[in-house]
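What follows is a short report on a single structure.
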Amino acid sequence: MERTAPTTGRSALPEAAILDREGLDALIAALRGDGYAVIGPRLRDGAIVLDPVESADDLSWGLIDEQDGGRYRLVPGDAQTAFSHTVGPQSWKRHLYPPRQTLWTGRRDGRGFTVETPADPVPHHAFLGVRACDLAAMAVQDRVFGVAPHEGRSAGQERFTDSGYAARRAAAFIVAVNCGRAGGTCFCDSMGAGPKAAGGYDLALTELPGCGTPAFLAEAGSATGAALLARLPGHAAGPQDRAAADASVEQARAHMGRAMVPDAGPLLARNLEHPRWAEVAARCLSCANCTMVCPTCFCTTVEDTTDLSGDHVERWRRWDSCFTVDFSYIHGGAIRQSGLSRYRQWMTHKLSSWWEQFGTSGCTGCGRCITWCPVGIDITEEARAIHDSEGRG
Amino acid sequence: MDSALLPPTTIASADPMVPRPFRIVRRLREVDGCFTLVLESQDGRPYVFRPGQFNMLYVFGVGEVAISVSGDCRDPGGLVHTVREVGTVTRAMAALRPGDSIGVRGPFGHPWPIEEAYGQDVLFVTGTIGLAPLRPLILEVLNRREHFGKVVLCYGSRGTHDILYEGQLHQWRGRFDMQVHVTVHSAPAGYRGRVGSVANLVKIARFDPEQTTAYVCRSETMTRPAVQALYERGVTADRIYVTLERNMKCGVGFCGHCQMGGSFMCKDGPVYRYDTIEHVFSVREL
């Protein structure tokens, strides 16, 4: 599949069309017809989650999310819009990098043993409704898992690729959605990650509100996307449609709920012993919610299980969090005993040391860590507090 | 011994997360609580490593630990690991006997640089079981002996009964082209060897501080006084290599456990040039 590289911007001449609700439905049907399992934002348990969708009816029409530190509520909005909500608690990493995976199984064989890797078929997913921040997060994880080159510390020396991630990523069809509305905890603009998808998609949709009926500007970002778009019932997009889409995105940009201070990376790197760490640690519950909802957090641990006979073993890999004491355990005790050190590890990794490792920020400004923090700790506020204290000298 | 460069490191396994079965061919008792396993590959594929690299060793049904390779990288006869019993996995490993199998993933990690020290004196600073991960480097420096000036080993142990590889230390001390200094922290009355800290050995060792590369393989706490002693002799941070230790789960930079600041110890370390980590070394709980 040819796809615009995440860093090179969108293709020069995207083919574009205007789709209505039937067109959106036809898009989902066409993807399903092509063998993709379509995953999109739909309502479950009072939140918008990323679940399988079978038709446009499954999408979250007319729902708006109110988000703030430790707060998430869905309220009615314009019934003619399917994407006026922003990001929910889940990110796409759960489909590219599942929370639990079997790495291999082993069987005792005399005094030795044999090892087998499960022959899992690679799921062909179509991700519908990928926001710019989450698209940027995929580009970040591509660097982490050795799929894309990077300018970090070990640039050019990467010897390993996570084969499962690489296979799922390559098989995925991506329908991005440019945001026409920013959430209360969004700060993608200040991270340079959104609200408009910069590339790395097959198709990008921009909802055109105020038309009275659902209308989407659909732009192709890859040959596969263009081929699919040509099969959909729609009419050609004119300059006024593009202008309306751009205005919608600018509307989102103008209403970002939060903003990250500039140069947060060097700021945190020179403030590893700042008193603010103790202050935030007094509020932090070390619950790990922020790491679970973060679209770029990639840490895992392994679990070995053995059956009762002792002859069959399985090694599982599951998501882990730097907020657990166990995470840094070596013989003699954990390196990061205090909540202070664990919060500092998470935040400095995200905003600062990620640059050294992978030549990019580990934060894309999606705001999930703020919304889903049970005590409403706000990464932008913490960075600003350190920033402002420097100003005071 | 051929002093040509080592063959390029090859990727050990198609999938770095899947262990290869190795058979234990020999088991040696070392000092109390330590043992050495000599392993041979059961899948017929060769195993190539560089001094300073480590493996993830897996005991069937128990778990996996990161252990440095302790043998000679030019010896095709077997993969050598010296292990100290400290936890669940290493205790189970201690119970294995020749003929049993063990899983190996690796080699992982950034090796000790060697060519960088050509033309200089070489100083090894280590203690107790730290000699195990350093031994492949010492052996390789001796393999390429003509490229170096003086070669000095400073080794310290707690007492007279936990001097690792004692026979080999005697053998090295017998060479005319190597200085071996051994100290113990405490000794019974009448002990005729040196008593005191390894840092004191650095003070008395004969090398040219302006032209020396130092390799320090100690615990994080003991690395500090070793580096301090080197500074006092005039060895600068850009010619000191140290090794560090963190929790390792994957070995390839995917699991995140071994991070220290901006580096992954499993792929950027465990060997670091001291000036590249000096700024984070003093930060507690990083």
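The values are calculated or read from the model by the stated rules, or taken from the named source; none is laboratory data. For clarity, every value in this text was computed on a predicted model and none was experimentally measured. Here Cβ is always computed from backbone atoms with ideal geometry, including for glycine, and neighbour counts include all displayed protein chains.
Do we have A:THR324 as within 17 Å of A:ILE379 (Cβ to Cβ) and either touching a helix residue (DSSP H, G or I) at 6+ places or on another chain (Cβ under 9 Å) or within 8 Å of another protein chain (Cβ to nearest Cβ) (or both) here?
No, not satisfied.
Report those helices (runs of 4 or more DSSP H) wholly inside segment A:173-269 carrying at least 1 residues which are surrounded by 22 or more Cβ atoms within 10 Å (Cβ to Cβ), in contact with a Cys (Cβ under 6 Å, 6 or more places away or on another chain) and modelled with pLDDT of 95 or more.
Answer list for segment A:173-269: A:188-191, A:239-254.
Condition first: crowded, with 23+ Cβ neighbours inside 10 Å and basic (Lys, Arg). Now tell me which residues in segment B:231-286 satisfy that.
B:LYS267
Just to be sure I understand, how many residues within segment A:128-150 are within 23 Å of A:SER163 (Cα to Cα), assigned to a loop (DSSP other than H, G, I, E, B) and away from every other protein chain (no Cβ under 11 Å)? Steps first, answer last, please.
Filtering segment A:128-150 for residues within 23 Å of A:SER163 (Cα to Cα) gives A:130, A:134-150.
Right, trim to assigned to a loop (DSSP other than H, G, I, E, B) and you get A:145-150.
Filter again for away from every other protein chain (no Cβ under 11 Å), leaving A:147-150.
Final tally of qualifying residues: 4.
Which residues, counting only those in segment B:202-259, are among the hydrophobic types (A, V, I, L, M, F, W, C) and in a helix (DSSP H, G or I)?
First, the residues of segment B:202-259 that are among the hydrophobic types (A, V, I, L, M, F, W, C): B:202, B:204-205, B:207, B:214, B:216-217, B:222, B:226-227, B:229-230, B:235, B:237, B:240, B:242, B:244, B:248, B:250, B:252, B:254-255, B:258.
If the condition is that a residue be among the hydrophobic types (A, V, I, L, M, F, W, C) and in a helix (DSSP H, G or I), then B:VAL202, B:ILE204, B:MET222, B:ALA226, B:VAL227, B:ALA229, B:LEU230, B:ALA237 are the ones that fit.
From the list B:ASP162, B:ASP100, B:ASP177, B:ASP121, pick out the single residue that is acidic (Asp, Glu), surrounded by 21 or more Cβ atoms within 10 Å (Cβ to Cβ) and in contact with a strand residue (DSSP E or B) (Cβ under 9 Å, 6 or more places away or on another chain). Working first, answer last.
Details: B:ASP162 fails: surrounded by 21 or more Cβ atoms within 10 Å (Cβ to Cβ); B:ASP100 fails: surrounded by 21 or more Cβ atoms within 10 Å (Cβ to Cβ); B:ASP177 fails: surrounded by 21 or more Cβ atoms within 10 Å (Cβ to Cβ).
Checking each option against the conditions leaves just B:ASP121.
Name the one entry in A:ASP388, A:ASP307, A:ASP378, A:ASP311 that is free of Cβ contacts under 8 Å to residues at least 24 places away in the same chain, more than 18 Å from B:ASN247 (Cα to Cα) and either buried (at least 19 other Cβ atoms within 10 Å of the Cβ) or at the interface with chain B (Cβ under 10 Å from one of its Cβ atoms) (or both).
From the options A:ASP388, A:ASP307, A:ASP378, A:ASP311, the qualifying one is A:ASP307.
Inside segment B:233-274, can you point out the residues that are more than 7 Å from every other protein chain (Cβ to nearest Cβ), under 20 Å from the mean Cα position of the chain (by Cα) and farther than 18 Å from B:VAL65 by Cβ?
Passing the criteria: B:ALA237, B:ASP238, B:ARG239, B:ILE240, B:TYR241, B:VAL242, B:MET260, B:VAL271, B:TYR272, B:ARG273, B:TYR274.
Say whether the condition of being outside any strand (DSSP E or B) and polar (S, T, N, Q) is met by at least one residue in segment A:113-127.
Yes, segment A:113-127 contains a residue that is outside any strand (DSSP E or B) and polar (S, T, N, Q).
Can you tell me which residue among B:GLU166, B:GLU140 is out of contact with any Pro (no Cβ under 9 Å at 6 or more places or on another chain) and acidic (Asp, Glu)?
Details: B:GLU140 fails: out of contact with any Pro (no Cβ under 9 Å at 6 or more places or on another chain).
So the residue among B:GLU166, B:GLU140 that is out of contact with any Pro (no Cβ under 9 Å at 6 or more places or on another chain) and acidic (Asp, Glu) is B:GLU166.
Condition test on B:ARG206, is it out of contact with any helix residue (DSSP H, G or I) (no Cβ under 8 Å at 6 or more places or on another chain), charged (D, E, K, R) and surrounded by fewer than 17 Cβ atoms within 10 Å (Cβ to Cβ)?
So B:ARG206 passes the test.
Being of a type in the set (Lys, Arg) and either at pLDDT 95 or above or surrounded by fewer than 15 Cβ atoms within 10 Å (Cβ to Cβ) (or both), is that true of even one residue in segment A:137-148?
Looking only at segment A:137-148, we keep the residues that are of a type in the set (Lys, Arg), and these are A:143.
Filter once more, keeping what is either at pLDDT 95 or above or surrounded by fewer than 15 Cβ atoms within 10 Å (Cβ to Cβ) (or both): none.
Checked against the condition, which is being of a type in the set (Lys, Arg) and either at pLDDT 95 or above or surrounded by fewer than 15 Cβ atoms within 10 Å (Cβ to Cβ) (or both), segment A:137-148 yields no hits at all.
Any residue in segment B:37-57 that is without any contact (Cβ under 8 Å) to a residue 24 or more places away in the chain sitting within a Cβ distance under 7 Å of a residue that is surrounded by 15 or more Cβ atoms within 10 Å (Cβ to Cβ)? List the pairs, counting only those 6 or more apart or interchain.
Cβ pairs passing all conditions: B:ASP43/B:ARG20; B:ASP43/B:PRO21.
For segment B:13-65, give me every one of the strands (runs of 3 or more DSSP E) that falls completely inside it and has 1 or more residues that are in contact with a Lys or Arg (Cβ under 9 Å, 6 or more places away or on another chain), charged (D, E, K, R) and more than 9 Å from every other protein chain (Cβ to nearest Cβ).
It comes to B:20-29, B:34-41.
Would you confirm, using the coordinates I've provided, whether A:ILE370 is over 14 Å from A:CYS297 (Cα atoms) and within 8 Å of another protein chain (Cβ to nearest Cβ)?
Judged against the criteria, A:ILE370 is not a match.
Please go through segment A:333-354 and give me each residue that is touching an Asp or Glu at 6+ places or on another chain (Cβ under 9 Å) and either facing chain B (nearest Cβ under 8 Å) or closer than 21 Å to A:GLU381 by Cα (or both), ordered by number. It would help to see each step written out before you state the result.
Step one: of segment A:333-354, the residues touching an Asp or Glu at 6+ places or on another chain (Cβ under 9 Å) are A:334-338, A:340-345, A:347.
A:ILE335, A:ARG336, A:GLN337, A:SER338, A:LEU340, A:SER341, A:ARG342, A:TYR343, A:ARG344, A:GLN345, A:MET347 - these are the residues of segment A:333-354 that are touching an Asp or Glu at 6+ places or on another chain (Cβ under 9 Å) and either facing chain B (nearest Cβ under 8 Å) or closer than 21 Å to A:GLU381 by Cα (or both).
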